[in-house]
Amino acid sequence: MEIERKFLIPKLPDGYDAYPHKELEQGYLSTNPVVRIRKSNDTYTLTYKGLGLLSREEYNLPLTKESYEHLRPKTDGILIHKIRYLIPYQGDYTIELDIFLDSLAPLVLAEVEFSSEDEALAFRPPDWFGEDVTFSSMYHNSTLSQKKQAIH
């Protein structure tokens, strides 16, 4: 089960680029249900996500590079390319700061994962977070992959 909140980031925080990061490329074989392939540096994954906004089922299966390359041209929509920074917050959390590239630039989103819905709803984000878009499917990556122009 994945439980997370998602926020728009109007301005990048100072020092974000000092944190560990990875380059992600992902595409969607299906958006209903969500079936995604992802390259994260040199790791390849196939993911299934169930329905939901705050919480939903999520299953990850490893792929080989060859399997990923075989499935890549079969994605429906654009390939999402982004840099993800992993920023520790309040000792218990990791902010996943996603800076989107290519046709989705200059979109920046932050996600924080939780162990329960109560914990997620009680979370107080840092001041540099913008609008909470957790309950808007418009900001799901699967939805963004269907956009042909940037989101502003």
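Points worth noting:
- Sites Thr143 and His21 - FRET efficiency at Förster radius 25 Å, r taken between beta-carbons, to 0.05: 0.55
- Short-range pairs are left out: with C-alpha atoms under 8 Å and at least six residues apart, the relative contact order of the range 52-103 is 26 percent.
- For the cross-link pairs Lys39/Lys147; Lys22/Lys147; Lys11/Lys74, the ones whose C-alpha atoms lie over 26 Å apart are Lys11/Lys74.
- Over the chain, Cα pairs under 8 Å with separation of 6+ residues give a relative contact order of 32 percent.
- Counting only lysines at least 8 places from Lys6 when in the same chain, those with an alpha carbon closer than 17 Å to its own are Lys49, Lys82.
- Taking amide H atoms as placed 1.01 Å from N in the peptide plane, the amide H of Glu58 lies under 5 Å from those of Glu2, Gly50, each 5 or more residues away in sequence or on another chain.
- Using C-alpha pairs under 8 Å with a sequence gap of at least 6, the mean separation divided by the residue count of the range 47-133 gives a relative contact order of 16 percent.
- The spacing between the range 82-152 and the range 20-59, judged by their C-alpha centroids, is 14 Å.
- In the chain the Cα-Cα distances spread across 5 Å bins starting at 0 as 2, 9, 18, 22, 23, 16, 8, 2, 0 percent of all pairs.
- Over the chain, DSSP H runs of length four or greater, each weighted -39,500 (n - 2.57), average out per residue to a 222 nm ellipticity of -2500 deg cm²/dmol.
- Taking the chain as a Gaussian network of alpha-carbon nodes connected by springs under 10 Å, the highest mean-square fluctuation of the residues Lys65, Lys49, Lys39 belongs to Lys65.
- Solvent-accessible area per residue, Å², over the range 1-76 with all protein chains present [probe radius 1.4 Å]: 59 Å²
- When the solvent-accessible area of the chain is split by element, carbon and sulfur atoms take up 50 percent of it, the probe being 1.4 Å.
- Cβ-defined net charge surrounding Arg84, 14 Å radius [Lys, Arg +1; Asp, Glu -1]: -3
- Potential extension, Gln90-Lys11 segment - 0.36 nm per residue separation minus Cα distance: 26.4 nm
The values are calculated or read from the model by the stated rules, or taken from the named source; none is laboratory data. For clarity, every value in this text was computed on a predicted model and none was experimentally measured. A quick note on method: Cβ atoms are made from the backbone with ideal geometry, for glycine too, and the neighbour counts reach across all protein chains shown. Please note that ligands, DNA and RNA were not included when accessible areas were found on the heavy atoms of the full protein model with its side chains. Shrake-Rupley method; radii C 1.70, N 1.55, O 1.52, S 1.80 Å.
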